[in-house]
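Participant: Have a look at this one.
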Amino acid sequence: MQTKSPEADGPAVEAPSHAGVSAVGTPKAKADTDVVGLGRLRAIGFVAPALLLIGVFLLFPALWTLYIGATNYERSGENHVSPDFVGIDNVTKVLGDPAFYHSLWLTLLFVGLSAVLGQNGLGFALAWSLRNVSGWLRRTVETLVLLAWILPSSVVAFLWIAMLDRDGGTVNAVLNTPGLAWLVEYPLASIVIFNIWRGTAFSMMLYGAALSAVPPSHVETARLAGASNAQTLRDVVFPHIRGHILTNTLLITLWTFNDFTPFLLTAGGPGDDTEIAAVYVYKTGLLDGQLGYSGAISLLILLANVVLALVYLRMLRRRNPK
């Protein structure tokens, strides 16, 4: 049998040249990663102000709280001038203090009722009701809801104090309940309703954007198949916006958990009936002067926030396993 030489089949095929492919670290590879052509130093210059703000207003206070939480630092006196290192004694003391657990329980109630249920539910209800509404009615409702959110907390708090006033309050006049002191007789319910009214706007806007991404054909198909509104929400709408629901719930939970505004309404009272976590830290640290002890409380609250965030993030990962 005659064997053909490679030349007989035509010109030899050259191996692809790798001259244009650079290894990592070469100028071409760096150019591929620097898509806007800023250069490393210029990019660092753009990022530096944001990192500086994060360091000054987030990282440094957290580290400072960690430090004073391990000392007997006080607002005045000898322990203010030369505080002693006490290690985890403050944390141990906090974990054995019934007042801490009372404050934590009130905080969970406040977060669950006003944020997870109230703001979530009302925000979605408004977004769902307005999805097919246009014109002046939609603009009016959105403006009124947003106004409650963008007003300064102090202004909103004093507005509600006037509305809930025992003698000349608007609520008593509308409900015909003269002499009823809402902030004294129903303090927790008052701050829950206040926080729902104040924070619903964010949930409404987020759910409004989420609902606009739900394919109308899917909703229409469900209705043609005879599904009720509840079934349409459960089987069509909620699966599409599940990620938005979890994200919104995470954000409003963390914001409400650390909210200090109710102090402007009730100052934590009457007694300690509305002494949620942020108010408890304020009273312990600034009013009682136990700054080291309040620092330990703050660290435990931070840990609780981290746990809540991890739970929500785990739920999000289950939605997108990839």
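The values are calculated or read from the model by the stated rules, or taken from the named source; none is laboratory data. Please read all numbers here as calculations on a predicted model, not as lab measurements. Don't worry about glycine lacking a Cβ; one is built from the backbone with ideal geometry, like all the others, and counts go over all protein chains shown.
Participant: If you check Phe263 against the conditions, is it surrounded by 15 or more Cβ atoms within 10 Å (Cβ to Cβ) and assigned by TED's automatic domain parsing to the domain that holds Ile191? Show your work before the answer.
Facilitator: Numbers: surrounded by 15 or more Cβ atoms within 10 Å (Cβ to Cβ): yes; assigned by TED's automatic domain parsing to the domain that holds Ile191: yes.
Judged against the criteria, Phe263 is a match.
Participant: Which count do you get for residues in the range 63-87 that are surrounded by 12 or more Cβ atoms within 10 Å (Cβ to Cβ) and of a type in the set (A, V, I, L, M, F, W, C)?
Facilitator: So the count comes out to 4.
Residue by residue, here is whether (1) assigned to a loop (DSSP other than H, G, I, E, B); (2) touching a residue at least 40 places away in the same chain (Cβ under 8 Å); (3) in the same structural domain as Asn258 (by TED's automatic domain parsing) holds:
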| site | (1), (2), (3) |
| --- | --- |
| Asp272 | yes, yes, yes |
| Val281 | no, no, yes |
| Leu302 | no, yes, yes |
| Ala309 | no, yes, yes |
| Met315 | no, yes, yes |
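Participant: Say whether the condition of being under 30 Å from Gly269 (Cα atoms), in the same structural domain as Asn229 (by TED's automatic domain parsing) and without any contact (Cβ under 8 Å) to a residue 40 or more places away in the chain is met by at least one residue in the range 126-143.
Facilitator: Checked against the condition, which is being under 30 Å from Gly269 (Cα atoms), in the same structural domain as Asn229 (by TED's automatic domain parsing) and without any contact (Cβ under 8 Å) to a residue 40 or more places away in the chain, the range 126-143 yields no hits at all.
Participant: While we're looking at this one, here's another question. Pick from the range 234-259 the residues that are of a type in the set (A, V, I, L, M, F, W, C) and free of Cβ contacts under 8 Å to residues at least 24 places away in the same chain: which of them is farthest from Phe110 (Cα to Cα)? Even if it seems obvious, please write down each step before you answer.
Facilitator: Residues of the range 234-259 of a type in the set (A, V, I, L, M, F, W, C): 236-238, 241, 245-246, 250-252, 254-255, 257.
After this cut, where a residue has to be free of Cβ contacts under 8 Å to residues at least 24 places away in the same chain as well, the list is 236, 238.
Values: Val236: 31, Phe238: 25 Å.
By that ranking, first place goes to Val236.
Participant: Regarding Thr140, is this residue under 24 Å from Ser190 (Cα atoms) and among the hydroxyl-bearing types (Ser, Thr, Tyr)? Lay out the reasoning, then the answer.
Facilitator: On the way: under 24 Å from Ser190 (Cα atoms): no; among the hydroxyl-bearing types (Ser, Thr, Tyr): yes.
Taking the combined requirement at face value, the residue does not satisfy it.
Participant: List pairs: first residue in the range 162-178 and of a type in the set (S, T, N, Q), second residue outside any helix (DSSP H, G or I) and surrounded by 11 or more Cβ atoms within 10 Å (Cβ to Cβ) anywhere in the structure, Cβ distance under 6 angstrom, at least six positions apart or on different chains.
Facilitator: Going by the 6 Å Cβ cut-off, the qualifying pairs are Asn172/Pro178; Asn172/Leu180.
Participant: Kindly list the number of the only condition in (1) closer than 27 Å to Leu63 by Cα; (2) modelled with pLDDT under 90 that fails for Gly285.
Facilitator: If we test Gly285 against (1) closer than 27 Å to Leu63 by Cα; (2) modelled with pLDDT under 90, just (2) comes out false.
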